[in-house]
Amino acid sequence: MQSHRGEWSSKIGFILAASGSAIGLGNIWRYPYIVGKNGGAAFVIIYLLIVVIIGLPYMLGELALGRSSQKNPVGAIGAIKPGSWWKGVGYLGVLTGLGILSFYGVIAGWTVGYVFKMFSGAPGNFAAFISEPVQVTLLLAFFIFITAAIVHGGVSGGIERWSKILMPILFVLMVILIIYAVSLPGSGAGLRFYLMPDFSKIDGNVILAALGQAFFSLSLGMGLMITYGSYVTKSDDLFSSAGYIVFFDSLIAIMSGLIIFPALFASGQDPEAGAKLVFVVFPELFMTMPFGSIIGGIFFILLSVAALTSTISLLEVPVAFLVDEKKFHRKRIVWVVAGIAFLLGLPSALSQGANDFFSNFGLIPERLADPDFLSQMSFVFGDFSLAFGALLLSIFIGWVWGAKAAAAEIAQGSRFFGKVFNIWVIMMRYVIPLSIFIILLNLFGLFN
Ligand code: PFF
């Protein structure tokens, strides 16, 4: 009966596709600079604790809601609480997917640009590159186009098949880069920064940065895992699948730190370089290495691949909503949604110096986000919307649908979930919504 929607063809296909969504710019570009800014190894430990204690159980909640309803976020909520305002939480997720896709596509476009820049042997100036309007627009269009072409193929034909090919390539490329980076003279200081914790660096803001990073990195809070969960068969084990997804996402993040920090310290650079770390510090670093332009080119291919499996998932959420709820034809509506994402991405693309108005947009206060349109979109959709969506969804799953009903869905097909059934219920109802509430307070600067 569900065959018109599509289904993952295997458990491993689902795990790879969901891991592909989770693993992206968030792991390889955002994670290292957040680690660098928040003091290194101690942050890593806090981050991993949060991933396991909050991220994993929350992910199970979204997956359970998706599989139980076999629907997109709007349809899933509507199936449990018909005609209520809760459906708005689903709409928020659909909108968030589109919003994240628009600015994420811009950064993903830069990574493609850097593939060519690195192979050419002269990466040039980053600020000049991102302020050049035609190039960044074409790169955004290219990235959204490739994303749409894959989603066009449907759930198992497109997303699953590509994830199966792309994810293992990514992993192998990263192992090669780790071996290279840790063999550099001077890399030991980087390993110490990254692996030897100094707990005096931990405070409330560091913990909250870890919470935010965990949600973004695991693709939680906008119903992505509801959507991907809806394609999972009843006999699959959601509990072990979520375990693998969380494990792979954390593994890739940890691995990207193992490339970046040794390489960074080997060349005497500053770990607190921030958001420009990957695009400014890396190319400079690569250019000092033997075969640097080839290694750099490979690195940016790797980053583009990781970003692509995430943009695929970001596009899938609005597409699944329009196919299920509005009965649009998947193959046609994909191009319409992609077109909207491209148009929505244009101001972000032009906000890095190309256009004065968008470069100094400044609607959201400076305290929360930089004034350029891209940073403002990143704050609204990547930080606020995900956290707010996750707060509402955890309340919906824990209290409206009911944590026990959700737990029963997870238990179906799972051999081991029974052992943690009651703990999970407590997490879903109390621990998770409260923790997310605290992130939100921090977004509004209540702890500063
Ligand atoms: N998890 C992705 C990353 O780390 O790059 C970003 C993302 C994808 C966030 C899909 C949210 C989402 F639904």
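Each value in this text was obtained by applying a stated rule to the coordinates, not by laboratory testing. The model shown is predicted, which means the values in this text are computed figures rather than measured ones. Because the Cβ atoms are built from the backbone with ideal geometry, glycine has one as well, and the counts that use them run over all protein chains shown.
Shown here is the pair-distance distribution of the chain: with all Cα-Cα distances grouped in 20 Å bins from zero up to the longest one, the shares run 27, 60, 13, 0 percent. Could you name the aspartates and glutamates whose alpha carbon sits less than 19 Å from that of Lys201, not counting residues in the same chain fewer than 8 places away? By straight Cα distance, Lys201 reaches Asp270, Glu272.
Full extension of the chain between Val336 and Phe416 gives 24.5 nm of extra length, using 0.36 nm per residue less the Cα-Cα distance. Rounded to the nearest 10 degrees, the angle from helix 56-69 to the longest Cα principal axis of the chain is 50 degrees.
Between rounded, prolate and oblate, where does the range 164-224 land on the alpha carbon gyration tensor, with a ≥ b ≥ c its root eigenvalues, rounded for a/c under 1.5, else prolate if a/b exceeds b/c? Please list the in-between numbers first.
On the way: a/c = 5.10, a/b = 1.07, b/c = 4.79.
The shape class here is oblate.
Between Val278, Ile426, Ala307, the Cα set farthest toward the positive side of the dipole of the chain (charges on each charged residue's Cβ, about the Cα centre) is that of Ile426.
In this model, which of Lys11/Lys117; Lys164/Lys404; Lys81/Lys419 are farther than 32 Å apart at the alpha-carbon?
On the way: Lys11/Lys117 38 Å; Lys164/Lys404 34 Å; Lys81/Lys419 29 Å.
Flagged as over cut-off: Lys11/Lys117; Lys164/Lys404.
What angle, in degrees between 0 and 90 and rounded to the nearest 10, separates the Cα long axis of helix 11-22 from the longest principal axis of the Cα atoms of the chain? The answer is roughly 50 degrees. Note on the range 1-132: Cα-Cα pairs beyond 18 Å make up 72% of the total pair count.
Going by alpha carbons, how many degrees (0 to 90, nearest 10) lie between the helix axis of 41-50 and the longest principal axis of the chain? So the inclination is approximately 10 degrees. Work from the charge dipole of the chain (Cβ charges, +1 for Lys and Arg, -1 for Asp and Glu, about the Cα centre) and give the residue of Leu49, Val74, Thr233 farthest towards its positive end. Final value for the positive-end residue is Thr233.
Note: relative contact order over the range 2-443, using C-alpha pairs below 8 Å and six or more positions apart, is 33 percent.
Going 7 Å from the Cα of Ile423 toward and past its Cβ, which residues in the range 35-66 have a backbone nitrogen under 13 Å from where you end up? Only 52-54, 56-57 fall inside the zone, counting backbone N under 13 Å. Within the range 335-448, all pairs of alpha-carbon atoms sorted by distance into 10 Å bins from zero give the percentages 13, 28, 24, 21, 13, 2. Only Lys, Arg, Asp and Glu carry charge here, each on its Cβ (+1 for the first two, -1 for the last two); on that basis the chain has a dipole of about 1220 debye about its Cα centre.
Once you order the gyration tensor axes a ≥ b ≥ c over the Cα atoms, which shape class does the range 211-277 get: rounded for a/c under 1.5, otherwise prolate or oblate by comparing a/b with b/c?
On the way: a/c = 4.65, a/b = 2.41, b/c = 1.93.
Taking the square roots of the gyration eigenvalues as a ≥ b ≥ c, the range 211-277 is prolate.
For the range 13-51 versus the range 249-281, the spacing of their alpha-carbon centroids is 12 Å.
With r as the distance between the Cβ atoms of Ser200 and Phe145 and R0 = 45 Å, compute the FRET efficiency 1/(1 + (r/R0)^6) and round to 0.05. Spell out each step's value before the answer.
Details: r = 48 Å, r/R0 = 1.08.
The value I calculate is 0.40.
Given a Förster distance of 56 Å, report the FRET efficiency between Ile176 and Lys327 from their Cβ-Cβ distance, rounded to the nearest 0.05. Can you show the working numbers first?
Details: r = 47 Å, r/R0 = 0.83.
It comes to 0.75.
Measuring r between the beta carbons of Leu49 and Tyr91 and using R0 = 25 Å, the FRET efficiency lands at 0.15.
A run of the chain free of exposed loop cleavage sites, with GluC sites (Glu not before Pro) counted only in DSSP states other than H, G, I, E and B and at most 13 other beta carbons within 10 Å, reaches its longest extent at 1-271.
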